[in-house]
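To start, the structure under review is shown below, and the notes come after it.
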Amino acid sequence: FPQDVIHLIVTGTASILFTVVFIFLPLFFSRAGRASWQGKASALMYFSCLGAGFIIFELVFIQIFMKLIGYPLHTYSTVVFALLIAAGLGSYVSGRMGVTPSSRWKVPFIGVLITGIALLAVHQVVFELFLQTGSQVRLAVATALILPLGFFLGMPFPLGILAIEKQPSGAIAWAWAMNGLFTVIGGILSVVLSIFYGFRVTLLA
């Protein structure tokens, strides 16, 4: 059993413990946190999947784009910058595009599916074309590859918030809590799945 995975499990367990102590305990002991509403389980599952999915994309992309960019610090900066800028833009534009729980709600998910598969299909070819170019060109190419997917990844969270905005005030708190918890869990899953099944399978999952 790889020793690196053991270290990952230890640090991941510590992260989950801190999440429980600083997020879930306050929720359990607050009036808003104890409030119940219709569809609570499915809503929390939705925000959990968003947290895990986003961080898995982010961490796996850092490993994949290391081949193109070369420098770890530049790779981290570029991937995080491109994903967060694109996701923020997607969140902002989703309302203007009429993406709501009752209208055009499928757009973000179809967009993620199409742009994600397209990125998986073309990234190796693009990498080979630009490997010998200057670092600024490689950074620009990496950013251009990530932006379309990141744009659609930014839409599901505000869509989910709109879906529960009329629920008790604790609903929003629970949405953020589950999203944060599964960001930690997703980070662990991304490494474990990548070690045993590879980056492509991890992204598809």
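The values are calculated or read from the model by the stated rules, or taken from the named source; none is laboratory data. Here the structure is a predicted model, which is why all the values come from computation and not from measurement. As a convention, Cβ positions derive from the backbone with ideal geometry for all residues, glycine included, and neighbour counts pool all protein chains shown. We work out accessible area using only protein heavy atoms, side chains counted, and drop any ligands, DNA or RNA first. Shrake-Rupley method; radii C 1.70, N 1.55, O 1.52, S 1.80 Å.
Taking segment 38-52 as the range and being surrounded by fewer than 19 Cβ atoms within 10 Å (Cβ to Cβ) and not in a loop (DSSP other than H, G, I, E, B) as the test, the residues that pass are Lys40, Ala41, Ser42, Met45, Cys49.
In this structure, is Tyr71 farther than 23 Å from Pro156 by Cβ and under 17 Å from the mean Cα position of the chain (by Cα)? Steps first, answer last, please.
Details: farther than 23 Å from Pro156 by Cβ: yes; under 17 Å from the mean Cα position of the chain (by Cα): no.
Here the answer is no, as Tyr71 does not meet what is asked.
Tallying residues that are in a helix (DSSP H, G or I), surrounded by fewer than 20 Cβ atoms within 10 Å (Cβ to Cβ) and in contact (Cβ under 8 Å) with a residue 24 or more places away in the chain within segment 60-70 yields 2.
Here are some residues: Phe127, Phe157, Phe196. Which one is open to solvent by less than 50 Å² (accessible area, probe 1.4 Å) and more than 17 Å from Ile69 (Cβ to Cβ)?
Phe157
Considering only residues in segment 9-37 that are open to solvent by 60 Å² or more (accessible area, probe 1.4 Å) and not in a helix (DSSP H, G or I), the one that is nearest to Ala171 (Cα to Cα) turns out to be Ser36. Considering segment 139-154 alone, what residues qualify as being under 10 Å from Leu68 (Cα atoms) and open to solvent by less than 30 Å² (accessible area, probe 1.4 Å)? Residues satisfying the conditions are Val141, Ala142. Regarding Phe109, is this residue more than 29 Å from Leu181 (Cβ to Cβ) and not polar (S, T, N, Q)? It is false that Phe109 is more than 29 Å from Leu181 (Cβ to Cβ) and not polar (S, T, N, Q).
Within segment 91-103, the only residue that satisfies the criterion of being without any contact (Cβ under 8 Å) to a residue 24 or more places away in the chain, open to solvent by 60 Å² or more (accessible area, probe 1.4 Å) and over 21 Å from Leu147 (Cα atoms) is Ser102.
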